[in-house]
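Data first, discussion second: the structure below is written as structure tokens.
The values are calculated or read from the model by the stated rules, or taken from the named source; none is laboratory data. In this text, all values refer to a predicted model and were calculated from it rather than measured experimentally. Cβ atoms come from the backbone with ideal geometry, glycine included; neighbour counts cover every protein chain shown. Keep in mind that these areas ignore ligands, DNA and RNA; they rest on the heavy atoms of the full protein, side chains included. Shrake-Rupley method; radii C 1.70, N 1.55, O 1.52, S 1.80 Å.
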Amino acid sequence: MNNRINIVLFGIGNVGSALINKVLKERKGLALDNKIDLRFPVITNSSVAFFEKEGVNFSWEANFIQFGIPFKMEDVVQYLHANNISNLIAVDASGDDSLPLDYTKLLKSGFNVVSVNKNATGLPASFKDEVKLAASVHGLEALFLGAPKDSRGEIVQKLFEALVEIAEKQKKLAA
């Protein structure tokens, strides 16, 4: 049985959409080799979210355009908890300068956090230390990836590797 990991993606620009496409491309290999099933139950841009419907299997771009709805962070958390969606990783691939302020709330709600948001990676070390401490207290991960010099491909690869690493840790904890 595969360990399902649910990724909530904030930001579907170049990096976010490339990450989705990479996960979709690697999905079969991950399932066979690593027994990991990566899913995207929620995908957002700065103002609209797409909430996955079980059994609906269209392309994510069409779903987002047709079924995206305005959201607040509380809506995302409530949807996930109401639908008993666990093994959560929040990926911040946005350029939103206020989203990093929600990292601690996400951790308290059971999310691992992986950020390539340049506004987050540029914050003081004390902020990152506070977020990492909150992650540690809750037995979760908080990773800040990417640097201005990294190409989109390098950032997407780092993100993908971080997701697989967190999934492997969660798989061991579940065993």
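Structure values in brief
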quantity: Which numbered condition residue 136 fails, given (1) buried (at least 18 other Cβ atoms within 10 Å of the Cβ); (2) hydroxyl-bearing (Ser, Thr, Tyr); (3) in a helix (DSSP H, G or I); calculated: (1)
quantity: Flag if residue 6 is closer than 25 Å to residue 130 by Cα and either of a type outside the set (Lys, Arg) or at pLDDT below 90 (or both); calculated: yes
quantity: Whichever residue in the range 2-19 is in a strand (DSSP E or B) and among the aliphatic types (A, V, I, L, M) and, among such residues, is farthest from residue 75 (Cα to Cα); calculated: 5
quantity: Boolean, residue 72 is over 13 Å from the mean Cα position of the chain (by Cα) and loosely packed, with under 15 Cβ neighbours inside 10 Å; calculated: yes
quantity: Matching entry among 164, 131, 156 (being among the β-branched types (Val, Ile, Thr), open to solvent by less than 30 Å² (accessible area, probe 1.4 Å), outside any loop (DSSP other than H, G, I, E, B) and farther than 21 Å from residue 26 by Cα); calculated: 131
quantity: Options 56, 42, 23: the member that is open to solvent by less than 20 Å² (accessible area, probe 1.4 Å), closer than 23 Å to residue 82 by Cα and either in a loop (DSSP other than H, G, I, E, B) or at pLDDT 90 or above (or both); calculated: 42
quantity: Flag for residue 79 being hydroxyl-bearing (Ser, Thr, Tyr), out of contact with any helix residue (DSSP H, G or I) (no Cβ under 9 Å at 6 or more places or on another chain) and either at pLDDT 90 or above or open to solvent by 30 Å² or more (accessible area, probe 1.4 Å) (or both); calculated: yes
quantity: Pairs with Cβ under 6 Å, 6+ apart, first in the range 102-121 and over 14 Å from residue 89 (Cα atoms), second of a type outside the set (S, T, N, Q) and open to solvent by less than 10 Å² (accessible area, probe 1.4 Å); calculated: 117/92; 120/100
quantity: Selection within the range 140-153 - in contact (Cβ under 8 Å) with a residue 12 or more places away in the chain and either surrounded by fewer than 16 Cβ atoms within 10 Å (Cβ to Cβ) or not small (Gly, Ala, Ser) (or both); calculated: 140, 141, 143, 144, 145, 147, 148, 152, 153
quantity: Matching residues, the range 69-107, being aliphatic (A, V, I, L, M), assigned to a helix (DSSP H, G or I) and under 21 Å from residue 119 (Cα atoms); calculated: 73, 99, 101, 106, 107
quantity: Pair list, Cβ < 6 Å and 6+ apart or interchain, from the range 1-23 residues that are touching a residue at least 24 places away in the same chain (Cβ under 8 Å) to residues that are open to solvent by less than 40 Å² (accessible area, probe 1.4 Å) and aromatic (Phe, Trp, Tyr); calculated: 7/40; 9/40; 20/60; 22/160
quantity: So residue 115, is it over 16 Å from the mean Cα position of the chain (by Cα) and either open to solvent by less than 10 Å² (accessible area, probe 1.4 Å) or more than 24 Å from residue 171 (Cβ to Cβ) (or both); calculated: no
